[in-house]
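Since the structure comes first, as structure tokens, the remarks are kept for the end.
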Amino acid sequence: MFRTALLVAAKDLRIELRSRVLLWQVVPFGVVALLLSGLALGPAHAGNSSAGPGLFYLVTLFVALLMINRSQAIESTPGTKASIATLGLDPAGVFLGKSLALCVELWATGLVLLAGAILVLHTALHGALVALPSIGVTLAAMAAAGTLYGALTAGGDGAATLLPVLTLPAFAPLLIAGERSFSAALHGGALWEWWVILTVALVAYLAVGVLLYGVLEES
Amino acid sequence: MFRTALLVAAKDLRIELRSRVLLWQVVPFGVVALLLSGLALGPAHAGNSSAGPGLFYLVTLFVALLMINRSQAIESTPGTKASIATLGLDPAGVFLGKSLALCVELWATGLVLLAGAILVLHTALHGALVALPSIGVTLAAMAAAGTLYGALTAGGDGAATLLPVLTLPAFAPLLIAGERSFSAALHGGALWEWWVILTVALVAYLAVGVLLYGVLEES
Amino acid sequence: MEGDIDVVRLHDAVVLSSGFPLLSGVDLRIGAGSLSVVTGANGAGKTSLLRLLAGLIPLTSGVATVAGIDLAEGDPRQLRRRVGWLGHEGSFYDDLSVRENLVFAARALDRPTSEIGSVVERVGLSHRIDTTTRQLSAGQRRRLGLAWLLLRRPELWLLDEPYASLDDDGRTFFDALLGDVVASGATVVVSAHDPLRSAALNPRTILLAGGRVVGDN
Amino acid sequence: MEGDIDVVRLHDAVVLSSGFPLLSGVDLRIGAGSLSVVTGANGAGKTSLLRLLAGLIPLTSGVATVAGIDLAEGDPRQLRRRVGWLGHEGSFYDDLSVRENLVFAARALDRPTSEIGSVVERVGLSHRIDTTTRQLSAGQRRRLGLAWLLLRRPELWLLDEPYASLDDDGRTFFDALLGDVVASGATVVVSAHDPLRSAALNPRTILLAGGRVVGDN
Amino acid sequence: MMKQLSQRLLGPVTLVLLGLTFWLGLWVTPPDRVQGNLVRLLYVHPAIAWVALYVSFGTATIASALYLWRRTRSYVMDRIAHCSMEVSVVFIVLTLITGSIWGRPTWGVWWAWDARLTSTAILGVLALGYLALRRANDDPALRARRSAVFAILSAINVPIIHFSVQWWKTLHQGATVFTSSRTVLVHGSMAWTLLFSFVGFTLLFFWLLRARYRLEIKREESSSAQLDEALASRRSEGAF
Ligand code: HEM
Ligand SMILES: Nc1ncnc2c1ncn2[C@@H]1O[C@H](COP(=O)(O)OP(=O)(O)OP(=O)(O)O)[C@@H](O)[C@H]1O
Ligand SMILES: Nc1ncnc2c1ncn2[C@@H]1O[C@H](COP(=O)(O)OP(=O)(O)OP(=O)(O)O)[C@@H](O)[C@H]1O
Ligand SMILES: [Mg+2]
Ligand SMILES: [Mg+2]
């Protein structure tokens, strides 16, 4: 299972590196989206650092959707799907591998966005650093959930739009917990319970994925 | 030109209707995004009706990106591109047609989201109605700009992610003008100037598209 | 007009794609109303040559005139209106049915839509006319491609491996079609690995290798 | 083991896709170590039959056993590990090179990656080994598909129109390959519109029409 | 015999119970000291929300789990899951509507950024997403598996909705009817009316589910008749 996971993760990351889409497109998109969110809400709201964590996660969420989509697209052409299917890879391994690759990508993007939030939204540097581990866990959970939901919608008609519809509500608890723990890191407050919730969510998504990913794959 | 425009618009709308993606996926996506934005900002910000127009436009923007993507995907497979290219359609007509179809779709989604904003973000019904025409113009301008930028990124590697990077900044002025005129409609204030700006933007995008769409088409 | 005017005129035509020469200097003249078969090993450049002639990929250097239009300077759209293209991949709008695709083409070209029924009949797709293109089999897609071309009746037909995935019937029909087309004065360039089946057509054979013409008879 | 055990056993196999019967009741037995050619008109159901056997589309009703695995109840993954599939469309990761694609497959299958060089050599792609798959020509993609299968050496080879877009050389190589494969005890089912070129192979021919077997010899 | 009788009686009993609820709720029970006549929504909204969350979404979840478990896997479970999810959508929408109607006079707004309200709305979108997911998949077995997994993943939201009032302490009414000590905090005729409303709406769910299930069976039967026709015409394709 873990060998397959590493193999798949390496392949996904290599394809992503080759196209440079992350560097040239996804990250700039995130930065622009951050700026625009600030603009759309007007200075009164956005400059206010209490909106910072919320905006950060909102933008991260949309970036994550883009990346989940790309991660799924790698296997989406009918020919590729058929050839890869006949390799008979262990589905649990595929799930872990794709989640891992997605997670690495999300972390990279998350770091840039966090820097953006510190600069643009006046988020306090120290608070952001304290929040870093919780952000890491939240993004990891998003990666696992995203891979799971990606498999759920793969191959269907209009997969690219069905994916966000299904994932957004599923991400809601993650988003809330992430935002609260970030806020707690900034303004003080109980960090522990959010940590527990996030870790439980991550473990739960991983467990469901390892157990059920095979069931979701096409026929 | 106008015959081609109608032909192309009818084709795009028919494909969209057939897949029902708008109804089943894009609209729910918008509604969830609205809810999540509210959640991410927390009750203090979101319940505050001054954030209403901003959130409305932010969500509309993301929905618009999804739809521009779909609109471009219709012609995106290499085979389709080649066959359609050999029809030698008038590019100005294609541009107008695709913009028109996109505009109709955006209007439909916009109405639903506006209803959502009224219910969920406490946007005043009367103000929203006053703002309706300006929203219509903003969305039309987004449709024109989106089609233009769609052609710009078509065929390239990772078109699905390049598009948002380029479009987002282009949409920024539209977003600001739209948000201000919406706010003005809600809280009183000069509506006129925003109107002028938006109409000029719409006309400008249409003119550029009619003149230059042919240049943007591949080779 | 037939025979004596060149529809295709290439001189030292080079096409680069991300640094790789798809065509490495092609010299070629094809007369109006003629039938040519482009052949050569895998990767010789057959598809690339046809795509160049269709205005689907840009010329990097050299001189190329197709249907009187200079590929380097002319308007590619004008060229494309006059050529018909049938490629490896399924074409058309996958979410529209056979009929809807053809109606779209007919409207775009100002042709009467009444022809569609008979064209579909000719290529043998009548029983699948309301099927969405996505659901067609490989050969049926190929047939739809032919129907599309029949509706358009271009001056220059560029067909990339038309035999592939056509059944016996389809090939016989296709040969008959080629005869008709050439007889009507249009020019046809076909890429193929097999010789054409009907000897009556007596085509010119152009042999490519390494992105150049290496044989011609 | 050869000859007397059936690798494929279908009884009244029906496959529906959005209400349309791709296969409308197929009865078929194919013995281990045999070579069969499935043929029939466009839309007869050749591709669908092969996809069913590869476990790529689900059986709607009837009985189907492939390589000892019941298609209705068994684990499709187990089946897929044992079959090799070569389809119409280019397969593989378009953004990876020929070599990288094959390394991925070898690792996934626990095969030594050292074989890759010789396999690529055999299918004649050595000069394009570091090209990304997206840039390969139609025939080169087909050759990469064969390389992939050579690396895997499955029990049951399912090849959908393997001749299409292969050049003369490629076809000769392919015929030789088929001979080897059958000699090594594997089973091969090929769909084709042309008869196989090498008479020495002496395959069984299965004729499909309307999603059923209508001829067999 | 018993089964048939109970099926026959399901409709009438539901109607009688709901009629009783409305009669008691509108005319017999007294207005509240604080809420006035608004309190009468108490006999509608909580019962509908109960059906939406636990009875219908719960049925869909359990049926989905039973489908995924190999020993109980059958399309019956898949159909039950599908049909109850459709009914669930209706009840979630009704919850939102009755809640909004109640919220307007009590909180002064139709909607608030309250945790329970938002999570209920999200549950509604998840239920719609379930239906969209079914539409997007053609192969019955795959569709059944995928939608079952999705239903189970979505069910996490139900406890979140329930505990949201405690976790976030916001606007929405805390547990009144089902407190943790299981003592009912309302009295007399009100309690009876509440009981009738809960039982009545629950029966209404089963009634709707049964009707929807039958419709589904009819649809499948008619499609199997179409199948024979399709097979015949497909087989004749080659024979000309
Ligand atoms: C759109 C607005 C509303 C929504 C979406 C909503 C949603 C819900 C839900 C989902 C439940 C069931 C919770 C559970 O049993 O776990 C519930 C119960 C209840 N709701 Fe609402 N509600 C709304 C507005 C209101 C308002 C305005 C009131 C009264 C002022 C109210 C009073 C109650 C009461 C008394 C219960 C029963 C509580 C219990 O027994 O736990 N709701 N509501
Ligand atoms: N975009 C590209 N970038 C780099 N090389 C390419 C690209 N497209 C094609 N090639 C290479 O150019 C050569 C010619 O390709 P082309 O498709 O024209 O060959 P062909 O003669 O049609 O071959 P086939 O018989 O296999 O269809 C091939 O070696 C191919 O690998
Ligand atoms: N997803 C689908 N939905 C409905 N009909 C389909 C679908 N896929 C294929 N068909 C139809 O099923 C029939 C059989 O298709 P199949 O691809 O098996 O044919 P084939 O024998 O391989 O033909 P060809 O020689 O053209 O490749 C065709 O008539 C096709 O239109
Ligand atoms: Mg080629
Ligand atoms: Mg086929």
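The values are calculated or read from the model by the stated rules, or taken from the named source; none is laboratory data. On a predicted model such as this, the values are computed, not experimentally measured, just so you know. Don't worry about glycine lacking a Cβ; one is built from the backbone with ideal geometry, like all the others, and counts go over all protein chains shown.
Taking the numbered list (1) over 28 Å from residue D:134 (Cβ atoms); (2) within 16 Å of ligand 3 (Cβ to nearest atom); (3) facing another protein chain (nearest Cβ under 7 Å) in turn, residue D:76 passes all entries but (2).
When only residues in the range D:116-143 that are β-branched (Val, Ile, Thr) and in a helix (DSSP H, G or I) count, which is nearest to residue D:189 (Cα to Cα)? Per the stated criteria, the residue is D:123. Applying the criterion of being over 16 Å from the mean Cα position of the chain (by Cα) and within 11 Å of residue D:38 (Cα to Cα) to the residues of the range D:180-203, the residue that is nearest to ligand 1 (Cβ to nearest atom) is D:194. Kindly establish whether residue A:123 is part of a helix (DSSP H, G or I) and polar (S, T, N, Q). So residue A:123 does not fit the description; no. Residues in the range A:77-96 that are under 19 Å from residue A:149 (Cβ atoms) and within 11 Å of chain D (Cβ to nearest Cβ): A:81, A:91, A:93, A:94. In the condition set (1) of a type outside the set (Lys, Arg); (2) assigned to a helix (DSSP H, G or I); (3) crowded, with 23+ Cβ neighbours inside 10 Å; (4) within 16 Å of ligand 2 (Cβ to nearest atom), residue D:148 is compliant with all but (4). Can you find a residue in the range D:192-203 that is within 16 Å of ligand 2 (Cβ to nearest atom), out of contact with any Cys (no Cβ under 6 Å at 6 or more places or on another chain) and not small (Gly, Ala, Ser)? No, that holds for no residue. Report yes if some residue within the range D:173-190 is within 16 Å of ligand 4 (Cβ to nearest atom), more than 14 Å from chain E (Cβ to nearest Cβ) and surrounded by fewer than 23 Cβ atoms within 10 Å (Cβ to Cβ); otherwise report no. The answer is no; no qualifying residue exists.
Which of the strands (runs of 3 or more DSSP E) contained wholly in the range C:1-60 include at least 2 residues that are within 16 Å of ligand 4 (Cβ to nearest atom), in contact with a Pro (Cβ under 7 Å, 6 or more places away or on another chain) and within 24 Å of residue C:182 (Cβ to Cβ)?
Because the criterion is at least 2 residues that are within 16 Å of ligand 4 (Cβ to nearest atom), in contact with a Pro (Cβ under 7 Å, 6 or more places away or on another chain) and within 24 Å of residue C:182 (Cβ to Cβ), the strands (runs of 3 or more DSSP E) in the range C:1-60 that meet it are C:35-40.
Note on the range E:71-161: enclosed helices (runs of 4 or more DSSP H) holding 2 or more residues that are without any contact (Cβ under 8 Å) to a residue 24 or more places away in the chain and within 13 Å of chain A (Cβ to nearest Cβ) are E:115-136, E:140-154. Based on what the data block shows, is residue C:51 more than 16 Å from ligand 3 (Cβ to nearest atom), modelled with pLDDT of 85 or more, charged (D, E, K, R) and over 23 Å from residue C:169 (Cα atoms)? Judged against the criteria, residue C:51 is a match. Pairs are defined by a Cβ separation below 8 Å, a sequence spacing of at least 6 or placement on different chains, a first member in the range C:137-151 that is facing another protein chain (nearest Cβ under 8 Å), and a second member that is assigned to a helix (DSSP H, G or I) and within 16 Å of ligand 1 (Cβ to nearest atom); no pair meets this definition. Scanning the range D:15-46 for residues being within 14 Å of chain C (Cβ to nearest Cβ), surrounded by fewer than 22 Cβ atoms within 10 Å (Cβ to Cβ) and under 15 Å from the mean Cα position of the chain (by Cα) gives a total of 2. I'd like to check something: does the range A:94-108 contain any residue that is over 29 Å from residue D:160 (Cβ atoms), out of contact with any strand residue (DSSP E or B) (no Cβ under 9 Å at 6 or more places or on another chain), at pLDDT 80 or above and among the polar types (S, T, N, Q)? Taking every residue of the range A:94-108 in turn, at least one turns out to be over 29 Å from residue D:160 (Cβ atoms), out of contact with any strand residue (DSSP E or B) (no Cβ under 9 Å at 6 or more places or on another chain), at pLDDT 80 or above and among the polar types (S, T, N, Q).
If I filter the range D:100-115 for residues that are outside any strand (DSSP E or B), within 14 Å of chain C (Cβ to nearest Cβ) and closer than 22 Å to residue A:76 by Cα, do I get at least one hit? No, that holds for no residue. Do we have residue C:160 as touching a residue at least 60 places away in the same chain (Cβ under 8 Å) and in contact with a His (Cβ under 8 Å, 6 or more places away or on another chain) here? So residue C:160 passes the test. Scanning the range D:130-145 for residues that are more than 16 Å from ligand 4 (Cβ to nearest atom) and buried (at least 16 other Cβ atoms within 10 Å of the Cβ) yields a single hit, D:132.
Applying the set (1) acidic (Asp, Glu); (2) modelled with pLDDT under 90; (3) within 16 Å of ligand 2 (Cβ to nearest atom) to residue D:110 leaves exactly one unmet item: (3). The set of residues from the range D:185-201 being in contact (Cβ under 8 Å) with a residue 24 or more places away in the chain and not in a strand (DSSP E or B) comprises D:185, D:186, D:192, D:193, D:194, D:195, D:196, D:197, D:201.
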